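K.L.:
The structure is given below, and queries will be raised subsequently.
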Amino acid sequence: MKHLIQTSSHSLRRIAVLALILAPLSTSAAGLSPRNVQVGSSAQGATTNYTVNATTATTANIGSIKFELCSAPTGVCAMPAGVVTTSATLTAQSGAVGFAIVNGANGAPYITRGAVNLNSGTALSYTLGTITNPSATNTSYFVRISTYTGGDGATGVTDTGTVAMSTAQPVQLTGVTPEILVFCVGTSIGPDCTTVAGNTIDFGDFSPVLTRSGTSVMQAQTNAANGYTVTINGSTLASGVNTIPALAAQTVSAIGTSQFGLNLRSNASPAVGADPTGVGSGTFSGTYGTANSYRFGSGDSVAQAGLPTNANTFTSSYIVNIGGAQAAGVYTSTMTYICTASF
């Protein structure tokens with residue numbers, strides 16, 4: 001019985017030795033981390049740039065790095081439909097340089113050089129241009145990154161890593177800017193034409209010893225290529241057949257002389273009006289742009305802009321003088337401003 005136990009123990013020891021000898025030695029590639037892939041466009045079917053960033057995990061002589069575009073993160077690499085890498089270019093490289101691209105196998109370009117030692121923890125970055133994305137919309141795919149000791153993109157795998165990607169259907173935004181002319185006239189205005197108000201100027205009683213004055217305002221803006229022109233249209237103040245003569249040329253205000261005129265300036269004699277305001281390029285026309293000088297001619301241009309412009313606000317300053325012999329009556333007039341844009 002003792003002999004049998006010894007024999008069994010000897011047999012077990014022999015089996016154990018054999019098991020140790022037959023156990024396979026296993027190796028695995030280390031992971032590239034951190035890692036990411038930045039694309040110039042995620043649109044399906046777009047031809048764009050891929051910038052691959054990864055940090056090595058192993059110190060080794062590296063001769064090539066491969067970039068596979070696959071439908072799944074592991075297993076046999078099935079290339080997503082629509083991918084084209086056979087025109088891929090290497091447009092930038094850092095961390096380890098001196099590589100040239102090999103793009104003969106569609107979906108699996110690699111970069112190669114004579115093998116050079118590369119330390120672990122080295123940050124690598126490579127930009128591959130002229131890669132066509134998968135053709136399916138809003139679909140995941142994967143870029144598998146592998147470093148090799150050999151220069152053929154296949155021999156001596158060292159570090160690996162996978163980056164999940166996705167195509168994204170672009171969102172199309174459309175809109176139309178139509179031909180624009182914003183123009184308004186009144187006796188008061190805030191920041192824009194939505195606040196314009198009023199359409200009456202009451203001069204009160206005319207007097208041969210006092211100049212009567214008043215103002216109206218207008219604002220204009222347009223995207224017309226050739227800007228706009230504003231004209232004034234109407235007739236001088238009249239009461240039946242009696243009129244207050246309009247100033248046919250720029251003339252100063254003269255108390256005691258019957259006259260009617262306007263300009264688009266800030267004046268001191270009399271104190272009335274304001275210069276144009278606003279961020280636009282519009283300005284007064286020459287014959288209505290001299291301070292303290294007034295005129296009126298129906299159809300005259302009073303303001304203009306030669307280019308597309310943002311808003312300007314103009315103040316029309318009216319003056320009325322009468323002589324002592326001016327016929328009594330209620331004098332009225334209607335002024336119409338017309339803004340014409342030139343597209």
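The values are calculated or read from the model by the stated rules, or taken from the named source; none is laboratory data. Just so you know, these numbers come straight off a predicted model, no measurement behind them. Note: ideal-geometry Cβ built from the backbone for every residue, glycine included; neighbour counts use all protein chains shown.
K.L.:
Can you report the number of residues in the range 194-232 which are buried (at least 18 other Cβ atoms within 10 Å of the Cβ), more than 36 Å from the chain's Cα centre (by Cα) and farther than 21 Å from G323 by Cα?
P.N.:
3
K.L.:
Same structure again: Any chance the range 246-264 includes a residue that's over 30 Å from A328 (Cβ atoms), assigned by TED's automatic domain parsing to the domain that holds V330 and not in a strand (DSSP E or B)?
P.N.:
Among the residues of the range 246-264, at least one is over 30 Å from A328 (Cβ atoms), assigned by TED's automatic domain parsing to the domain that holds V330 and not in a strand (DSSP E or B), which makes the answer yes.
K.L.:
Here's another thing I want to ask about it. Report those strands (runs of 3 or more DSSP E) wholly inside the range 268-343 carrying at least 3 residues which are within 46 Å of the chain's Cα centre (by Cα) and within 17 Å of L237 (Cα to Cα).
P.N.:
It comes to 309-321.
K.L.:
Now for a different question. Filter the range 133-170 for residues that are surrounded by 18 or more Cβ atoms within 10 Å (Cβ to Cβ) and not β-branched (V, I, T) and give the result.
P.N.:
N133, P134, Y141, F142, R144, S146, Y148, G151, G153, D159, G161, M165
K.L.:
In addition: Which strands (runs of 3 or more DSSP E) sit wholly inside the range 28-79 and have at least 3 residues that are small (G, A, S)?
P.N.:
60-70
K.L.:
Same structure, new question: Take the range 190-204 and flag every residue that is of a type outside the set (G, A, S) and either in a loop (DSSP other than H, G, I, E, B) or touching an Asp or Glu at 6+ places or on another chain (Cβ under 6 Å) (or both).
P.N.:
Of everything in the range 190-204, those that are of a type outside the set (G, A, S) and either in a loop (DSSP other than H, G, I, E, B) or touching an Asp or Glu at 6+ places or on another chain (Cβ under 6 Å) (or both) turn out to be P191, D192, V196, N199, T200, I201, D202, F203.
K.L.:
What pairs can you find where one residue is in the range 296-325 and at positive phi, the other is in a strand (DSSP E or B) and exposed (fewer than 15 other Cβ atoms within 10 Å of the Cβ), and their Cβ atoms are less than 7 Å apart, with a gap of 6+ or different chains?
P.N.:
Listed by first residue and then by second, the contacts come to G299/N233.
K.L.:
Still on this structure, please answer the following. I need the full set of residues from the range 233-245 which are assigned to a strand (DSSP E or B) and in contact with a Leu (Cβ under 8 Å, 6 or more places away or on another chain), in order please.
P.N.:
Within the range 233-245, just T243 meets the criteria.
K.L.:
Search the range 263-286 for residues being within 16 Å of L307 (Cβ to Cβ) and β-branched (V, I, T), and hand back the single one that is surrounded by the fewest Cβ atoms within 10 Å (Cβ to Cβ).
P.N.:
The residue in question is V279.
K.L.:
OK, next. List the pairs whose first member sits in the range 114-132 and is within 16 Å of G156 (Cα to Cα) and in the same structural domain as A54 (by TED's automatic domain parsing), whose second member is assigned to a strand (DSSP E or B) and hydroxyl-bearing (S, T, Y), and whose Cβ atoms are under 8 Å apart, counting only residues at least 6 apart or on separate chains?
P.N.:
L118/T147
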